[in-house]
Structure formats: C-alpha cells, structure tokens
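Values in this text are rule-based calculations from the coordinates and carry no lab data. Computed from a predicted model, the values in this text were never measured in an experiment. Please note: Cβ atoms are built from the backbone with ideal geometry, for glycine as well, and neighbour counts cover all protein chains shown.
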Number of protein chains: 2
Amino acid sequence: MMNQEHIDFFISIVGKENVYSDKAHKIAYCYDATKERFEPDAVVFPRDEQDVSKVLKYCNEHKIVIVPRGAGSGFTGGALPSNGGIILSLERHMNKLLEIDMENMVGVVQPGLVNMQFQKAVEEVGLFYPPDPASEEYSTLGGNVSENAGGMRAAKYGITKDYVVALRAVLPNGDIIVAGKKTIKDVAGYNTAGILIASEGTLAVITQMTLKLIPKPKFKKTYMGIFPDVNKAMNAVFKSLAAGANPVAMEFLDALVIKALKEKFPQVELPQDAGGILVGDVDGSSLADVNAQLETLKESFSKNGSIGFIIAKDEEESKKLWFARRNASPATAIYGTKKLNEDISVPRSKLPEALDGIYAIGKKYGFNVPCFGHAGDGNIHVNVMVKDKNNPKEMEDGHKAIKEIFQFVVDLEGTLSGEHGIGLSKAPFMNIAFTQAEINLFKNIKKAFDPNNILNPHKMGL
Amino acid sequence: MMNQEHIDFFISIVGKENVYSDKAHKIAYCYDATKERFEPDAVVFPRDEQDVSKVLKYCNEHKIVIVPRGAGSGFTGGALPSNGGIILSLERHMNKLLEIDMENMVGVVQPGLVNMQFQKAVEEVGLFYPPDPASEEYSTLGGNVSENAGGMRAAKYGITKDYVVALRAVLPNGDIIVAGKKTIKDVAGYNTAGILIASEGTLAVITQMTLKLIPKPKFKKTYMGIFPDVNKAMNAVFKSLAAGANPVAMEFLDALVIKALKEKFPQVELPQDAGGILVGDVDGSSLADVNAQLETLKESFSKNGSIGFIIAKDEEESKKLWFARRNASPATAIYGTKKLNEDISVPRSKLPEALDGIYAIGKKYGFNVPCFGHAGDGNIHVNVMVKDKNNPKEMEDGHKAIKEIFQFVVDLEGTLSGEHGIGLSKAPFMNIAFTQAEINLFKNIKKAFDPNNILNPHKMGL
C-alpha cells in the first residue's frame, strides 16, 4: 500500500512538481479508451531514465505496483491501474525527438513522443515512418511499441515491430538495459527488444527507442473498388495481393457499414449498389509505377467480381474516397447504444469465411455486426451492436457473441487481437487462444523480468 | 552422464535406426565450420515433433544435455556438443517443405530443410524468400532462424528475423508451443517467436516455421562502382542509401582483397586503379524502375569520388562482376596460413571510421587485415591474417588484435556479430558488448525456458 513515506521518496527523486496523489490527478489518470476506470494511488512524472530507474528500484524493493502510461489511448486497459499503485507517466518530460539520423536512416525518440509529431518531423527531411495507428494524432510511440500498434499502412509496410531497431529500457530492479544498436544486423545476445515489443508494459519501462525510417515514397494515389457484396470483396483481397499487387492500404467496408454511412452522413458519395468496398492508397517511386500497380489492382478486382473501380484524380477526390472509411466507426452507432468492438485478425485467405461466420454468430443472437478494417492484412474490426445497453440480457448476449466470435476466429487460425492487445479486456479470453503450456511460458518470461510482479500486474491474463 | 539405459530409452522412442552412439557417428557430428571438435555421447534423429517432445522431456528429467543441430555449418560453434550430451539432428527426417500457401504468401517448413531448396521451390511459383546466407546451398532454415542468418540481400530485404511469421517449438520440459499465426498482425501474448529467433538453440527446439514470402521481383541488374580507396567507397555507401538508392546488395572489397584477387585469380577482370569496390544487384517491378535506381546509384557514387561505374549487360557479365566478391574469402589466403575472421557490424555511417580503425589495429600488431562484406547493411567480414599459424607469439597477437577490434567496434556503437552469432567462439567477448545487467537478464530468460540448463548449455556465454 502507498503511504506518505513512499510519496516523499518519489518527491525526493523527481521533485514535488512531478508527484501527485490528489483526487484530481487520480481521476485524470484513471481512464483509457475503454470504459473502465481505476484510480491510481499516485501519479509520477519521471524527468529522465535515471528517474525511472530510481523509482522502479524503490517500488521493486517496496513491492509497489507501477503502471507505465503514454497517452492512455489504448483500447484494452493496458494503462489502467487496476491493482492500484502508481501511474508512471512518460508523456510530460520523456517526450522528446532526440535525433533524426539521416545517414543511418533511424530516428531516436523518447517514449512519450506522439506518433504524428514524429511522422511530421521525419517527413520534413524526406523520410517516412509508416506505422500509423488510428490514434496517431495523440498516441505515443512508447505506447505504440508496447502494444505493437498497426495501422492503415500495414499491408505494404508492416507494423510497429518492423520498425524497432533498438530500445533502452529499465527493468523492475532498476537496471538499465540496451537492446539492439543502430545496426541492421545484430545477432549478439538474446533479442530482448523483440520480447519487449507488445509486452504491454509488463516487463520493463521503455525509455528510448531507435526506429527505422525509409525514404518517403514520391507518388501516391487513392483507389476504391466497388463490389456487390463483401464476400466478393474479401476474395479479391488475397487474390489481388497474391497476384503481385502491393497497395499501401486495402481497407474494407461491409454492407451494414455502407448503409450506416449513407444514413448518418448523407453527404458521403458511395455507389448505390455497393455491398462491399475496398479502399486504399498505392505508392511508389515513379508515377508509372503507381499507375501500373493501379492497373494490376483494377484487373484483379474485376476478375473477382468488382462492379466499379475509382481512382482519385487529386487530393480532394482522395479525401472524398477516404471519408467513408474514416467515418465507418461513428456511423455504426445507428445500430445500437453500445458497441462491443474487437479487432480480430485472420490469415487473409480466411477473410470471406471469417466474415460469414461472424455474421452468423451475430444473427444467432439477434445482433447487427457491421465490420470494417484492414483487409489487406487480415485485421477486422468487428462491432457487435447492442441496441439497448440498459437491457442486461442483451448485454450478456453481446458478450456471449464476442466470446463465440473469438473461439471461431482462433479455430480459423486467427488471433484475439491484431492491434489492440490483451490488457484487461481480453484477458478472460487468453485460454481460448493459448494452451496452458503457452500461458505457463508467458508467466515464466514475466517472472524472468519482473520477479516481484510490480510492473502492470495481471495484465494479459498473467 | 549417458548410459545404456538412456540410449535404450531413445531407441524406444525414435527407433534403433535413429539412435547412434558409435565412434563413427560421434566423429561425424563433432564438428561445425569452426576448427573446434567435441564428440557427443549419442546422436538422435527425431522423426517428428512428438519425438522431439518425448526426447526433451526425458532429457530434462534426467539432466541430459541436448544440442540441436541442422547442417552444422555455423561459424561460432553453436551446434557443437562442448559439454557432451546428445546431438538432436533435425536434418534426416524433419526436413520437409510442408506447404507453400500462395494465398497468404507464406511457406511452412520443417527446421531441417536446406535454405536453397526452399528458395528454389518458392521461386518456381513466382514467390521469393530473400534471406540468402553464404551457406545457402547447405545450411538449414532451422539453423538460419536460430542464428538469425543474414546474407547478400539484407540491404534491401532485411534478414531472417524479418521473414519469421510463426514458429512451433518444443520446450525443454517437452511442452509444445505455437508462437505466432499466419496472420500479419498478432499482438496476443508475448512475442515468443521474437525471442526464439537468434537464440542459438538455447531456449527451445524449433520444429516448424512459417516464413513470409514476397512476390519475386521481375527485373534485376548487376552494378559495380570503382573507387580509388575503400574510405571513399564506404562514404558512398551510406550517402547513396540516404539519397534514396535501394539496392538489393551493396557488397564491398578493400584494396588488400582486390590485390589478393588479382594475384590468386589472374582471370579476374578488375580495373587497374581500383582501391575499393562496391558491387551488387538492383531489382524492381519494371526495367524503367531498375534503370532509374542504377542512375541514382551512379550519380551518388560519382558525387562521392567513384572513378568508374559498370552495369552488367547480361547474366554472363553479371557473373563476371560477382566473381570478385564470391572469391574474396579464398583470395585472402595469400596473406597467411591462418585467418582469424570475424563478422562485426556497425551503423552504416561509421563504416569509414570502422575500417580506418581496424587497419590501424592490424598495423600495430603487424597483420594484414583484408576486409570485405555487406557494406549496404554495415556488416564487415574482418580477416586478421596470421602469417605462420605455428608461431605461438603471432597467434597470440592475432587474438589480441581481434579482441581490440571488438572493443573498438563496440565503442563505435557496433556489434560483435552481424550474422554468425556468439556460440562458443565469441562467448569470451560478451562482456565487451553487454553490461552485467544485460547478461543477468539473458541468464534469467534462459532460466525461464530451460530451468535445468539442458539445452545447448554455456553457449552465448550463458
């Protein structure tokens, strides 16, 4: 339990202005993007890695729980202090862009730096950082790495883990470790950085990240493929990619989402007969290259039953095409007062079967389940729409449907989460996705880093 | 210690024809590509994952050491039974290509499959597996993953770890685990696959691998840039890459290697005044794209002091340009009877400084140190040439020089190994590259997987 002595110690390390245990701060740091709320016992803002090290060492010795936090924009409760303890907030001081190393094409950043700020800074010097989670305007890079964030560009460019070159981190005992170098190849020692990525703040506190950058693609165009139904669209996804198309993004909207968009946003311009839509960008080093790729997509879509293919002529038309996808999530609100949304992921070839099965489960319980998301990488945002959130039976059925969807997806060789992580929200479903042997291994790994279980305990079902 | 009872147990599991403890087999499995020799107590050839599981469970209970082995082509002793025990050889039975999944663009393979066989099979259906270590003709994919093998195409396409989508593995206690799925995104649970890659057979025995494939590039051309000295060539490397060039490979030869090639292979066609050479391939989806890239390279090389730029007109000319690089290693033999070769890696921008420093250390001890390798990714093959290997003083000086080179490279933010791993050979240098805190963490990770220390013990300095 937290007492004044502990608070005084934290003050002695980071200064009075960086430790809070008043009600206002407890409330300000009790939330994330879930609806769950848990108040911490205190909020501490470390100024640098040394502060982090001293705070962790003390907490480890006194068995005080620490929950590292970036922007608190996570969807699964990863940054919630569900067991009390202190919030270690990296956003106030440890939010700097330390270096853009043009020669080695890497950026060196602190964990609290906001994704979009980094993207803008590197693009100004002609470089490119592809991972762009929907939260890019406010989520921090430390959070992105801790959750292995995805985004719209994963189909072509991969996800956060593909851009982590090296990390600095503080272990629960206060030890500072370096994992990786600015080198492309490094096979000395265990791949500690590999295991820290997506570990949801349960193994160490990341204090610095070296992220890979690539040259900014010179040309980009937006396309939209129209299909009579989502099944045909889903077939076109993996068939066009296997045929050699390499779009930056291939996002999809199903019939329910399209209907909702037309109702909620009458200004949206979508073909009358669209029952499934694929939309995305194509980029390249020359206009000829971009056009050739669009041709491949168009042909491949056509072979797989598309009834229309639109290419944006300019930035304004591109925005219009993207409008539907960007507003898919708010549009679904027409179907209910409570959205149970999950971000399952399947091998791309299983997308048609996955959607059929998800709709069938929804039907069984009487729910509309509009789906949209990152078809190009097999990641579906599933939305079980509860009409009346104050109806306990309906809410219970909603959660049953979600559980059934998880089981179905895992049986299809899919995963519980493509982007959002496990945190608290999906912890009850870990035994659907993993055997006891695998969970035991996770627990052993956790213990190897954090023997006293002070770092974000009980997250990920551990 | 191994006794007949243990041997009988192994026979009861895998069959008499798959267990050997005779002298001939002990000798046949006592070596790798180092000069070290250690005889195992027995050699066991599991037929499938169940065999692996049963053998590991038994060995764990009886504290019998197991050394997993692919082709035994490693350069650092990773597959040597330096503490006795059994060799678990995956090459005889567990060497199958299980599936090429065109729709999801992955290959599913067993660990004993030879890299080149896999490359050929996927290229036949229009796909491409980029990691191509120099040992590709005989090294196994299981070994490649366990060492995180690099190769000639890393500058553009990355290394083995960038192609591991999912693994199946057996833990020392016999538990079978699945790490990852055929999905592009998967953030459920710890990234166990990430930590198994490059773990040199010390954490688990990999029994199946799902490897990412990409569309085979349609066009390829070979280039050679000629420089008056290696320093100018090294400057051109990171400057041309930062300028947006994206060659598949950018290999280098220094003045000593060029001299040796001319002496050892008089048929080699190299410009008279070449003091440093960069050679590699450029590929792309169109000829126009390939030519544009070559133009960028040529311009950028020229700006950085090149005195010639050759583009191969056809396959035959391409082979001629590659001849020098492919024969760099044997050519260096003119400088001595014993080669102490290491594969250090530095951030690309440090290549000029790294080579200057390496030559200076060689000079201090009176050695020629010809260098060549993968400049495009910062990976240098350093060869300290000992003139008379029977001269103990000279050999001792050689090892001193190597140690000094390691320290120098680490000070330059480089690493002990870009491709070969640590194994036995580089274990004594771990404390140059890692702090005690980092080594302690490695030991804790090892214990989390292998509490009885039966899997490839004492490798990687653990």
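Show me the ranking of peptides A:80-90, B:191-201, B:302-312, B:21-31 by mean Cβ neighbours inside 10 Å, starting with the highest.
Values: A:80-90: 23.3, B:191-201: 25.9, B:302-312: 17.2, B:21-31: 14.8.
Peptide ranking by packing, descending: B:191-201, A:80-90, B:302-312, B:21-31.
When N counts the residues of the range A:336-433, how does its alpha-carbon radius of gyration compare numerically with 2.2 N^0.38 Å, as a ratio? Could the numbers behind the result be given before it?
On the way: Rg = 12.6 Å, N = 98, 2.2 N^0.38 = 12.6 Å.
The reported ratio for this selection is 1.00.
For A:L97, go 7 angstrom from Cα along the Cα-to-Cβ vector, then report the distances to that same point in the other copies in nm, smallest first.
When each copy's label point is compared with this one, the spacings are 4.6 nm.
Which pairs in the list A:K120/A:K218; A:K181/B:K35; A:K298/B:K216; A:K339/B:K185; B:K161/B:K181 are over 19 Å apart, alpha-carbon to alpha-carbon? Display every interim value, and only then the final one.
Numbers: A:K120/A:K218 15 Å; A:K181/B:K35 30 Å; A:K298/B:K216 21 Å; A:K339/B:K185 23 Å; B:K161/B:K181 15 Å.
From the list (A:K120/A:K218; A:K181/B:K35; A:K298/B:K216; A:K339/B:K185; B:K161/B:K181), the Cα-Cα distance tops 19 Å for A:K181/B:K35; A:K298/B:K216; A:K339/B:K185.
Residues of A:414-425, mean number of Cβ from any other protein chain within 10 Å of their own Cβ, rounded to a whole number?
Working: counts 5, 9, 4, 5, 6, 3, 2, 3, 3, 0, 0, 0.
Counting other chains' Cβ atoms within 10 Å and averaging over A:414-425 gives 3.
Counting helices only, and only those DSSP H runs with n ≥ 4, report the 222 nm mean residue ellipticity of chain A as the sum of -39,500 (n - 2.57) divided by its residues, in deg cm²/dmol to the nearest 500. Let's see the in-between values first.
Working: 16 runs with 166 residues, N = 462.
Only helices count here, giving -10500 deg cm²/dmol.
If I model a spin label as a point 7 Å beyond the Cα along the Cα-Cβ vector, how far apart are those points for A:A28 and B:E299 in nm?
Distance between label points: 5.1 nm.
Label position 7 Å from Cα toward Cβ: report the copy-to-copy distances for B:P271 in nm, one decimal, ordered from shortest.
Here the equivalent label points are 5.5 nm apart from this one.
Quick check: net charge around B:N235, other residues with Cβ under 15 Å of its Cβ, Lys/Arg +1 and Asp/Glu -1? Intermediate values should be presented prior to the final figure.
Values: positive: B:K232, B:K239, B:K303, B:R348, B:K350; negative: A:E103, B:D229, B:D254, B:E299, B:E353, B:D356.
My count for the surroundings of B:N235 gives -1.
Rg to Rh for the range A:219-329: what is it, with Cα atoms only and Rh by Kirkwood?
Numbers: Rg = 13.1 Å, Rh = 13.8 Å.
That ratio is 0.95, to two decimals.
List the aspartates and glutamates whose alpha-carbon lies under 20 Å from that of A:K26, not counting same-chain residues fewer than 8 positions away?
Candidates past the 8-residue exclusion: A:E5, A:D8, A:E17, A:E36, A:E39, A:D41, A:E91.
For the range A:247-310 and the range B:376-432, what is the separation of their Cα centres, given in Å?
54 Å
Just which residue of chain A brings its Cβ nearest the axis of rotation onto chain B, and by how many angstrom, rounded whole?
Result for the A and B rotation: A:G194, 1.
Under 17 Å Cα-Cα from A:K221, which aspartates and glutamates qualify once same-chain neighbours fewer than 8 residues away are excluded?
Cross-link targets: A:E251, A:D281, A:D283, A:D289, A:E295, A:E299, A:D314, A:E315, A:E316, A:E317.
Run a plain Debye calculation on chain A (Cα atoms as equal point scatterers, no solvent) and give log10 I(q)/I(0) at q = 0.11, 0.12 Å⁻¹, rounded to two decimals, same order as the q list.
-0.92, -1.08
Using only Cα atoms, what Kirkwood radius does the range B:265-335 have, in angstroms?
On the way: mean 1/r = 0.0722 Å⁻¹.
Kirkwood hydrodynamic radius for the range B:265-335: 13.8 Å.
If I take R0 = 41 Å and measure r between the Cβ atoms of B:A437 and A:K313 in this structure, what FRET efficiency does the formula 1/(1 + (r/R0)^6) give, to the nearest 0.05? Before the final figure, lay out each step's value.
Details: r = 57 Å, r/R0 = 1.39.
Plugging the Cβ-Cβ distance into 1/(1 + (r/R0)^6) gives 0.10.
How much of the DSSP beta bridge set in chain B is antiparallel, as a percent to the nearest 5?
Details: 55 of 63 bridges.
Here the antiparallel bridges make up roughly 85 percent for chain B.
Taking each residue in B:99-105, count the Cβ atoms of any other chain within 10 Å of its Cβ, then average. What number comes out? Intermediate values should be presented prior to the final figure.
Details: counts 0, 0, 4, 5, 11, 10, 6.
Taking the mean over all residues of the peptide, I get 5.
Using only alpha carbons, build the gyration tensor for the protein assembly as shown and give me the equivalent ellipsoid semi-axes, biggest first, whole Å.
Values: eigenvalues 383, 233, 168 Å².
Working from the Cα gyration tensor, I get semi-axes of 44, 34, 29 Å.
Residue by residue through A:434-446, how many Cβ atoms from other chains fall within 10 Å of the Cβ on average?
On the way: counts 4, 4, 1, 8, 9, 2, 4, 13, 5, 2, 7, 9, 2.
Mean partner shielding for this stretch: 5.
Post the alpha-carbon centroid distance, the range B:322-371 to the range A:144-165, in whole angstrom.
Result: 36 Å between the Cα centres.
Nm distances between the label at B:I307 and the same-position labels in the remaining copies, 7 Å along Cα→Cβ, shortest first?
The projected label point of B:I307 is separated from its counterparts by 6.9 nm.
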